[in-house]
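Step one of this worksheet: look at the structure below.
Nothing in this text is a laboratory measurement; each read-out follows from the coordinates by a stated rule. Since the model is a prediction, treat every value here as computed from it, not as a measurement. Virtual Cβ from ideal backbone geometry, glycine too; neighbours counted across all protein chains shown.
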Amino acid sequence: MRVSIYVLPVWLRDAAATSIAIDNPRHVGDAHLVLSHAGLETTQKHYNQAAWATRALLRASFDAAGRSR
């Protein structure tokens, strides 16, 4: 079976910044090098998304744990 998934290039860029922010927050400033941003302001937007994503994943895992009891 073949499955096609549509992925926008910007989603890959967001994923890169999010991965850096979640996995190594001390080096989130390096994300602008990966993303070719002129400054850190744009990268900071992605870092903020990472913080939101982390909270959402934690919330989902706590909710799932509560339902499995």
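Table for the structure above
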{"quantity": "Estimated FRET transfer efficiency when R0 is 35 angstrom, pair ARG26-MET1 (beta carbons, to 0.05)", "calculated": "0.25"}
{"quantity": "In range of the label at ARG55: residues from the stretch 1-45 whose backbone nitrogen is under 18 Å from the point 7 Å along Cα→Cβ", "calculated": "18-19, 21-23, 25, 44-45"}
{"quantity": "Listed residues ALA21, PRO9, LEU57: farthest to the positive end of the dipole of the stretch 9-62 (Cβ charges)", "calculated": "LEU57"}
{"quantity": "Distance cut-off 12 Å, percentage of C-alpha pairs in the stretch 9-62 lying past it", "calculated": "60 percent"}
{"quantity": "Order by protection proxy (mean Cβ within 10 Å, highest first), peptides 20-29, 55-64", "calculated": "20-29, 55-64"}
